[in-house]
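What follows is calculated from the coordinates using simple rules that are stated; it is not laboratory data. A quick note: this is a predicted structure, and the numbers were derived from the prediction, not measured. Here the Cβ positions follow ideal geometry from the backbone for every residue, glycine too, while neighbour counts run over all protein chains shown.
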Amino acid sequence: MTESRPRGTVNDVFTDTCVLFDYAVESQPTAITVFEERPSLDKVISQRIQREFDSVATRQQDIHRELLNFVVREELDEYEPESVGSQKNDVRYVVDLYSELTELEEDVEAVRRLNELINRLEKARDELFGPEGRVTILTVDGVDAQLMGLLRGVIENEADVRVLCDVVAWRRNGGSGVFLTEDTEDILGDGESRDDEDGGDDEGGGGGLPDSFDDFFGTEDKSVPDRINDQIVIRYDSESKLSILSTGDFINRKHSKQESI
C-alpha cells in the first residue's frame, strides 16, 4: 500500500549516479550545497546506483592510469584510448580529459592532475559508501516489469529505466519522490517542445493525419519528466509520481511551498 506523504519540507531525496560524481569527484557547487549545506536532508540511493558508481569509477581509473603511463613516458601525443569501450559517457570523458592534459605546459602538471583524479575517486567511494558515508543505500526487491515496459516508451537507456523503477519503489514506500539528476540527455530533457523547434503551428496549415500517435495525443509537447510521470500514473496512481529535478533547480525551490508530486 502506498504511504501518503505530508506536505512540507522535503526530508529525503533520491540521487542519481551523476549527482554523486558531481559532489564527490567534480566538486560541483550545487551538489556540494545539497550534500554539505543540507545535513538534515537524507540522500538516498539504491544498490543499483552504488554498483553503477563503482562501475563508472573503475572505468575512469583505468583511463587515468593508462594516460598516466603515456605521460610518464612522454608519449601523450601518441595516446590512443585502449581502455575505452563504446559507452558514450566514457568516450566523452576521455576526450575532455585528454584535451585538458594537452593544454598543460609541463608533463609534471599532467602527472599531478592524473594522480589527483586517482586519489579523489578512491576517497569518493569511502566518503559516499563507507561506515560514515553520506548516502543511505536501499535494497529494492526486484524490478516492476510492467513499469519497465511503460517507461521504455519514454526512455531508451535501459539502465535509466531500471533506476527510475527503483525511485518509484522508494516513493511508494514512503520516500518524498524527489529525484535529483543531471541527465539532461535522457531524463530531464532539453525542455523544448516540437512547437518550439518548428516555430509554432501555422494557422490553418497542415491537415490530414498526425505524424504519429504521440502527435495525436499531444505527448510530444510534454517534458520528459512529465511523460515519465504519465507512465507511472498508468501503472499506479498520481500519488506515485516523481518530482524530477536538477540539483540547481532543487536548491532554488522554496521548500516552504512544496509542490504536490
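Neighbours of I232, meaning other residues whose beta-carbon lies under 9 angstrom from its beta-carbon, give a summed charge of +1 when Lys and Arg score +1 and Asp and Glu score -1. Residues whose amide H comes within less than 5 Å of that of V178, counting only those at least five positions distant or on another chain, are F14, S243 (H built at 1.01 Å from N in the peptide plane). Around the Cα centre of the range 113-187, unit charges on the Cβ atoms of Lys, Arg, Asp and Glu (plus for the first two, minus for the last two) sum to a dipole of about 200 debye. A simple charge model with +1 on the Cβ of Lys and Arg, -1 on the Cβ of Asp and Glu and nothing else charged puts the dipole of the range 18-153 at about 860 debye relative to its Cα centre.
Per-residue Karplus couplings for the range 157-171, computed as 6.51 cos²θ - 1.76 cosθ + 1.60 with θ equal to phi - 60°, are listed in order as 6, 5, 5, 5, 4, 5, 4, 4, 4, 4, 5, 5, 4, 5, 4 Hz, Gly and Pro entered as x.
Please give, to one decimal in nm, the separation of the simple spin-label points placed at I118 and D54, each 7 Å out from Cα toward the Cβ. It works out to 2.2 nm between the two label points.
For the range 28-37, 3J(HN,Hα) computed residue by residue from phi via the Karplus equation (6.51, -1.76, 1.60; θ = phi - 60°) reads 6, x, 5, 5, 4, 4, 4, 7, 10, 9 Hz, glycine and proline entered as x. Okay, which of the range 162-177 sit inside 13 Å, backbone N to the point 7 Å along the Cα-Cβ direction of N89? Residues passing the 13 Å test: 162-164.
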